[in-house]
1. Please work out which residue is farthest from the ligand (Cβ to nearest atom), limiting yourself to the stretch 108-121 and to residues that are part of a loop (DSSP other than H, G, I, E, B) and either small (Gly, Ala, Ser) or buried (at least 23 other Cβ atoms within 10 Å of the Cβ) (or both).
2. Among the residues of the stretch 76-98, write down those that are in contact with a helix residue (DSSP H, G or I) (Cβ under 7 Å, 6 or more places away or on another chain), buried (at least 21 other Cβ atoms within 10 Å of the Cβ) and farther than 17 Å from ALA60 by Cβ.
3. Which condition breaks for ASP48 when tested against (1) in contact with a helix residue (DSSP H, G or I) (Cβ under 7 Å, 6 or more places away or on another chain); (2) modelled with pLDDT of 95 or more; (3) more than 30 Å from LYS359 (Cα to Cα); (4) not basic (Lys, Arg)?
4. Are any residues in the stretch 181-216 in contact with a helix residue (DSSP H, G or I) (Cβ under 6 Å, 6 or more places away or on another chain), of a type outside the set (Asp, Glu) and not in a loop (DSSP other than H, G, I, E, B), and if so, which ones?
5. If the requirement is being in contact with a Leu (Cβ under 7 Å, 6 or more places away or on another chain), within 19 Å of ALA256 (Cα to Cα) and not assigned by TED's automatic domain parsing to the domain that holds LYS326, which of these qualifies: ASN148, ASN183?
6. What tally of residues in the stretch 370-398 results from selecting those that are surrounded by fewer than 22 Cβ atoms within 10 Å (Cβ to Cβ), in contact (Cβ under 8 Å) with a residue 40 or more places away in the chain and in a loop (DSSP other than H, G, I, E, B)?
7. Is the stretch 100-107 home to any residue that is in the same structural domain as ILE239 (by TED's automatic domain parsing), on the phi < 0 side of the Ramachandran plot and either in a helix (DSSP H, G or I) or away from the ligand (no atom under 16 Å from the Cβ) (or both)?
Amino acid sequence: MSGGAIGLNGLAFDGVIERRGTDSLKWDGMEGRFGPVPGDALPLWVADMDFLSPPEVIEAIRRRALHGVFGYVQASSGSYQAVSDWLRINHGWDTDPSWVVSCSGVMPAIGAAIRAFSDPGDGVIIQPPVYPPFFRIVKDNGRQVVENPLINDGGRYRMDMEGLRVLLEEGENRILLLCSPHNPVGRVWTREELDGVCRLCRETGTLLVSDEIHADLVFKPFAHIPAASISPEKADRIITCVSPSKTFNIPGLQTAYTVIADPGLREGFQTSLRAAGIGAYNVFGLAAAEAAYRHGAPWLRSVLHYLKENIDRSLAFFQEEMPWVKTRAPEGTYLLWLDMSASGLAPEAVTERLIQKGKVVLDPGYWFGNQGSGWQRLNVGCPWRLLEEGLRRMKVSF
Ligand SMILES: Cc1ncc(COP(=O)(O)O)c(C=O)c1O
């Protein structure tokens, strides 16, 4: 595969790649999650994309595979430098490579942070509707889920800053788990919003864990701002989670990074990783991540262009063909958050109709908290041909 050409050619994303039979969670895992599903059901759920990764990433893995020896690996200073360079060039955030800690995923990192910096029974604040594992990771670690629901302001969500202030000032809540950009509502938080969050956390001594896994999937004119970059001298209680996994479509390689400026906080976090036995690295994940951060920017520009077209075409479809479905363009993420409450059906019945009648699988909104009841999340990260078929199937479901 020759470098660059595929990633630079937007049309290449149009090619449909067979993923059934590859142990793909998205394609092969529907029955496991939903029960019996028609054999030809089209999956537009799980947040990965049906695209090839950047050619440079595939080449890096191929080269590493051909070496043939897959012993333990260490995360080299070169790969940490690549993360640090990416953050500076793409997000204007100056970090030192020594702040970077590799981990097998963002969720393992969040779990490690929760165990390191709170005690059983403590509250961890999340802002639903939000990525479902946020609820689970708090509960499974024996902490309390404390909800500060987002406010739906005519379709555009915002954080309830007053609610947050009360929970932080008056509650026994040790950690705020921020989703930035926010899955599933597609908000890219503004400097003012982030500044407010950082200030509240700082004033109340709350640890801010900022999950920025969708940071690179943002559409102009919106721009992602790392929370820890807002006021670098005050970022000593912030753990930032970043990852090449969503950006370059490599979540199956299980490689993510945390960025922690404060040495004490970093040490506590690393001890927690070690305590859970999750300090080792994946040989292919490290090779892929470094190649992606070093050489993947042109591919990323290209895929963002393609995703934006998919979003615009989907919005036009809903407006013309299913006007009762309310949605809006996400500022970031390749996820459309659809208000389908006007169907007149119970939320579970909507899911049932989509799957059994339309043969199309989305993420039910109620997975994202009570606030998502009546909604569905649509993943547009696939060739337009598949997405168009999925939209058609949605329409015939009702
Ligand atoms: C907000 C958010 N955090 C974390 C993850 C999962 O991260 P990982 O696979 O690195 O654990 C996802 C995946 O969709 C996500 O949307």
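The values are calculated or read from the model by the stated rules, or taken from the named source; none is laboratory data. This structure is a prediction, so every number in the text was calculated from the model and none was measured. Glycine gets a Cβ as well: all are built from the backbone with ideal geometry, and neighbour counts include every protein chain shown.
1. For the stretch 108-121, the residue satisfying everything is GLY121.
2. Listed by number, the residues that qualify are SER84, TRP93, THR95.
3. (3)
4. LEU194, GLY196, CYS198, LEU200, ARG202, THR204, LEU207, LEU208, VAL209, SER210
5. ASN183
6. Residues in the stretch 370-398 being surrounded by fewer than 22 Cβ atoms within 10 Å (Cβ to Cβ), in contact (Cβ under 8 Å) with a residue 40 or more places away in the chain and in a loop (DSSP other than H, G, I, E, B): 3 in total.
7. Within the stretch 100-107, one or more residues are in the same structural domain as ILE239 (by TED's automatic domain parsing), on the phi < 0 side of the Ramachandran plot and either in a helix (DSSP H, G or I) or away from the ligand (no atom under 16 Å from the Cβ) (or both).
The rows are residues; the columns are (1) closer than 17 Å to PRO226 by Cβ; (2) within 16 Å of the ligand (Cβ to nearest atom); (3) out of contact with any Lys or Arg (no Cβ under 6 Å at 6 or more places or on another chain); (4) not aromatic (Phe, Trp, Tyr).
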| position | (1), (2), (3), (4) |
| --- | --- |
| GLN74 | no, no, yes, yes |
| ALA82 | yes, no, no, yes |
| TRP93 | yes, no, yes, no |
| GLY123 | no, no, yes, yes |
